[in-house]
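To keep things clear, I will list the structure first and then write my remarks on it.
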Amino acid sequence: MWANTDVGPGPRRPPHIVLLALLVSLAVAPSALAQRRGRVPPPPPPRVENRAETRPEPTKTPIDEFERMTPEERQKALDRLPPQQRKKLEERLKKFNQLPPEQQQVLKNMYNRLNQLPPERQTTVRQAINKFSKEPADRQRAMRDELRSLAALPPQDRESTLSSKDLKSRFSGKEQQIMRQMSDLLPPDD
């Protein structure tokens, strides 16, 4: 879920920071692109309670929409952005396109989960991602490993793990809060 990869030349940043920065920018910038083009992204599909009976089609992300645009439409959308925001978005899109398809899908899935949260939860998760990216690399690695372990658990067991004495002994209060807030992006129990 939080796999490490090196992408492209230039200053080397820890790959997980690049992925988290990309996730945050994907959560904000593409919908801004759609709004600037006069379109509002569709609301997320309603949650299906009984997954065994019906599986809804995957939600298309703004990245999917951007990928379906013609080169001329892409250029027009990018031209509408302020120069600094445009440059950042172009760099992140380039890095995203260099990722293996599996990692691209993981990011799209995380974006979809983020987009389905109520606005106040989206803000909280984005803030947690920002705090996560400011933590030292070794602590990011420890939190990422714990989040991977949590992802393997059924959702009802995640809360008890996040509240366990073991976890509290290995992570600071700030780190626990970051992981708790980021846990909204973990995959639902399938």
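The values are calculated or read from the model by the stated rules, or taken from the named source; none is laboratory data. Here the structure is a predicted model, which is why all the values come from computation and not from measurement. Every residue, glycine as well, gets a Cβ built from its backbone with ideal geometry; the counts of neighbours run over all protein chains shown.
For the range 86-103, the criterion of being in contact with a Ser or Thr (Cβ under 7 Å, 6 or more places away or on another chain) and aliphatic (A, V, I, L, M) is met by at least one residue. Every test in (1) among the acidic types (Asp, Glu); (2) under 19 Å from the mean Cα position of the chain (by Cα); (3) in the same structural domain as MET182 (by TED's automatic domain parsing) is passed by GLU67 save one, and that test is (3). Annotation: of all residues in the range 55-73 being modelled with pLDDT of 70 or more and loosely packed, with under 12 Cβ neighbours inside 10 Å, the one that is nearest to ASN112 (Cα to Cα) is ARG68. Selection of the range 94-111 for residues being out of contact with any Phe, Trp or Tyr (no Cβ under 9 Å at 6 or more places or on another chain), surrounded by fewer than 17 Cβ atoms within 10 Å (Cβ to Cβ) and part of a helix (DSSP H, G or I) yields LYS94, ASN97, GLN98, PRO101, GLU102, GLN105, ASN109.
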